[in-house]
Each structure stands twice: as structure tokens, then as C-alpha cells.
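Data block below; observations after.
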Amino acid sequence: MNFLQALVAVLRLGRPLFLVGGFLLHGLGVAIACSQGYRVQPWLLLWGQVAVTATQLMTHYGNDYFDLAADRANLTPTWWSGGSRVLVQTTLSPRWALYLALTLLTIALVAILQASRAAAPVALVVLVLGVILSWFYSAPPLRLHSRGVGELTVAVVVTLLVPLAGYALQAGRLATLPLLAVLPLALLQFAMLLAIGFPDEAGDAAVGKRTLVVRLGPGRAAQLWRLVLVLAVLVLPVLLLGGVPVLVVTWLAAFMLPAQLWFWWRLAQGVWLEPRWWSWLAFFSVAFLIGAAAVELAAFLSLCR
């Protein structure tokens, strides 16, 4: 492998496409603070985003390193699951993934340290907690994804802690509004992780990676998937009762309801049983989450004073 091939492999290993969600969700937290009248502080926005993106990349590189056995055992990977496939399909040394993960861990911590010059302590706690949970999602000794809490961990980090960090960096505190606003997104993230678990189920089971799909079995996991999609819609009235602006909930409902009804109906037909659909189901799950986050971000930005 020459230098150019190695560079391309390293970039692919980081799965840059997945970074979009980090920008949207951190931006959502900032937009919620802005909608409440807080002045956006560019310095804190910058260092918060550096910390979030570095943590994301750290997780991508770390997962490919720590999950190499599962990725090698996975005979049904998709674009969205089974890791980046770089370490499986190329001669790039797995050690590079670990070195890069540790480098990005350092960058994330340096960014948090820089933010600490002006940020409230609660924002720093949120960021550090996100780094810790992200690292131990796949890293020993915790390996949270093999203890039946991996899906919950990712939903908490990505759709709860990231927006809360963006909000707390700007507002200097935590509040109920951002917690309520991200509830549908957290449920969509959880559903997305279940979707990604189906193509990986056989490979994960073979090496003892005990995801929820492995623990529950595909049938019960599909039932849980459908339940979570229903809950993502049912929590919308709760958002209104909790004070989330009507405009935000209206936009979110207009986006989610048609898509979720169609998706629920397809799952009820047993489409999850067909491997040829696995990649599309994962794609739709990712698209719903990103779309819902983008809709919320636009709605809150429109309310900025």
C-alpha cells in the first residue's frame, strides 16, 4: 500500500459522512439557546464543535479497532453497518486506527480545556461525559455495546449530550427545553441503531458482541423497533405540554408522521426479514434522524431573536 492509498484508507476509516449529524445536533443546542435570547458566542461554538467532531472521529476509529473480530465475521455488511470495512479489506495496520483514536481523544480533551476558559462547568461535564461514554462504547473493559446498553449509550451521547453541550456552552446552564426537544430524536436514534444491528447480527453473535438484536433475537428486536417508532410520534404532544414552541412541534410532526407511518407499515409487513432490504432500512433510519434534526434546527433558528 503506497502513501496515497494509505491516506485514502485512513480517511475512509473515519467515515466522514457520519459527521453531519454531529454538526446538526450541536447546532440544534446552540439554536435552542439562541431562540431563548442568549447571544451566541462564536469561540465557544467553535471549541464545542471541535470537541464533538473529534469525539465522533475517535469513536469511528476506535470502533473499527476494537470491533475488528466482529467486522471480519460479518458476511452481510451494508454501507451503514459492519464498520468502515477498511481494516477488513485493506492491508492498513489496525494499530493506525488505535493511534488515530487516541490522537482524537487528546484533541477532544484539548478543545474542552480551551472551552473551559469561558464555559460554565456544567457544559464541560456534559462534554467530558460524552467523551467517556463514546470511548467505552466499544473499548474494554466496559464494551458497553456488548452489555445490552450500547444502543442506549449512543442515543444518550449523540442525541442528548451533544445538543445539551451546545446549549449549555451558550446558555451557561441546563434547562428542560432542550431535554424535551431532543426526545423524538433520541428515539429515532435508538431505532436507527436497531436497524443497523440486523445486518450485523450473525457476525456479532459469532464473536460475543451482545447487541440488543443479538440478545433479543431478530423477531423481538423488530417488535421493539416498531414500538420505538410509535413512541417517537406519541411524545410530540408531551413536547407541547413541556413548553416546546408550537412551530417546532408542528414542523417536526409534518416531517415525521408520513415517514414514520410508512416505515412502521413496512416493518409490520416483515420487510426486516429480507436481507436485500437491510441496507435500505438502515438508510431510511439514518435519513429520518438527520431530517428530523435538520427540521428542528431550522425551526429553532427561525425563532432566534
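The values are calculated or read from the model by the stated rules, or taken from the named source; none is laboratory data. On a predicted model such as this, the values are computed, not experimentally measured, just so you know. No Cβ is skipped: glycine too gets one built from the backbone with ideal geometry, and neighbour counts run over all protein chains shown. With ligands, DNA and RNA removed, areas are computed over all heavy atoms of the protein, side chains included. Shrake-Rupley method; radii C 1.70, N 1.55, O 1.52, S 1.80 Å.
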Seminar exercise, completed: Highest mean packing first, using Cβ neighbours within 10 angstrom, the peptides 190-201, 58-69 sort as 190-201, 58-69
Exercise. Just from its helices, what would the mean residue ellipticity at 222 nm be for the chain, if runs of 4 or more DSSP H residues each count -39500 (n - 2.57) and the sum is divided by every residue, rounded to the nearest 500 deg cm²/dmol?
Worked result: -24000 deg cm²/dmol
Seminar exercise, completed: If every Lys and Arg gets +1 and every Asp and Glu gets -1 at its Cβ, then about the Cα centre the stretch 150-305 yields a dipole, in debye to the nearest 20, of 160
Problem set entry | Whole-Hz ³J(HN,Hα) from phi, Karplus 6.51 cos²θ - 1.76 cosθ + 1.60, for the stretch 279-286, glycine and proline x | 5, 5, 4, 5, 4, 4, 5, 5
Problem set entry | Stokes-Einstein D for the stretch 1-95, Kirkwood Rh over Cα pairs, 4 °C, 1.567 mPa s (µm²/s) | 85
Problem set entry | Computed magnitude of the charge dipole of the chain (debye, nearest 20; Cβ of K, R +1, Cβ of D, E -1) | 200
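Using a 1.4 angstrom probe on the protein heavy atoms only, line up W225, W264 by accessible area, largest first.
I get W264, W225, largest accessible area first.
Full extension from T250 to R95: what is 0.36 nm times the residue separation minus their Cα-Cα distance, to one decimal in nm?
51.0 nm
What does the highest-first list of 25-33, 172-180 look like by mean Cβ count within 10 Å?
My ranking of the peptides, most packed first, is 25-33, 172-180.
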Exercise. Ignoring ligands, DNA and RNA, what percent of the accessible area of the chain is carbon or sulfur (1.4 Å)?
Worked result: 71
Exercise. Hey, can you rank 35-47, 147-159 by average C-beta count inside 10 Å, highest first?
Worked result: 147-159, 35-47
For this session: For F283, F136, F288, give the ranking by accessible area with the largest first, probe 1.4 Å.
Result: F283, F136, F288
